[in-house]
1. Mind checking whether some residue in segment 190-197 is at pLDDT 95 or above, assigned to a loop (DSSP other than H, G, I, E, B) and surrounded by fewer than 16 Cβ atoms within 10 Å (Cβ to Cβ)?
2. On the given criteria, is Met39 surrounded by fewer than 20 Cβ atoms within 10 Å (Cβ to Cβ), under 22 Å from the mean Cα position of the chain (by Cα) and over 26 Å from Leu237 (Cα atoms)?
3. Could you count how many residues in segment 198-249 are outside any loop (DSSP other than H, G, I, E, B), under 25 Å from Ala43 (Cα atoms) and not aliphatic (A, V, I, L, M)?
Amino acid sequence: MHTLRMIAWAALWSGAASAQWLTNKTPNVPRTADGKPNMTAPAPKLPDGKPDLSGIWNPNPKYVRDIAVDLKPGDVPMQPWAEATFKERLSGSRSSEEPDANCLPQGVPKLDTAPAPWKLVQLPDQVVILYEAFTQWRQIFMDGRKLPDDPNPTWLGYSVGRWDGNTLVVESSGFNGKAWLDQVGHPTTEKLRVTEKYRRKDFGHLEIEIIIDDPGAYTKPWTVTEGPTLLVDSELLEFVCSENEQDIRHMVTEK
């Protein structure tokens, strides 16, 4: 069922992406002689010398299926209850409980891997990420504030950022513990803390190192690295999850 959902997601996204704003070209894009984007050109910088991370980024959807797909067995050290929950979800017997299958938010960092693009808007005192998937958004505050001590738990948490050289380091906490990290069902709790390190390797490639630190579900922090690519000459589309929803009725939970 997870595979069928991935195929449906990919088909929907690929058809939509190819049809949006066809006559508009993204400005300031280095191009080769044949007019194609030069994705390996140097990464752009802002007037203050900071890397320019802005743009529309297209994630690798393999991580929405399994965020730990590149890791070895044992690299995701789960608490006993979390491992039991994960095995139940992995079997498919609880597929109908997946939050985004019920049009609920996908959470962080799963939202970064959904097979739909997202736009990063870089401002002096904050970074805003607009997600086509479910039409969601994040605010990453860059004004020196600290994460809240006792926040109202939310799906996407609260995020603050800072620069470490050419790397944007984002720390997030205040999650509600209801999100799955991926479709196979790696669990989370309200103790989850996510650190994302954004590096623009060149013009067309972004590297995101993600550290999962959730002592409620895992015995130690663990790390994954994802690599979105730049999507040019296109724009985001509206995405209303519950409109013409045909998925959940086919997800039969075995008793």
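The values are calculated or read from the model by the stated rules, or taken from the named source; none is laboratory data. Given the structure is predicted, the values throughout are model-derived calculations rather than measurements. Note that we place each Cβ from the backbone using ideal geometry, even for glycine, and neighbour counts take in every protein chain shown.
1. Yes, because at least one residue in segment 190-197 is at pLDDT 95 or above, assigned to a loop (DSSP other than H, G, I, E, B) and surrounded by fewer than 16 Cβ atoms within 10 Å (Cβ to Cβ).
2. Criteria not met by Met39.
3. Residues flagged as outside any loop (DSSP other than H, G, I, E, B), under 25 Å from Ala43 (Cα atoms) and not aliphatic (A, V, I, L, M) within segment 198-249 amount to 12.
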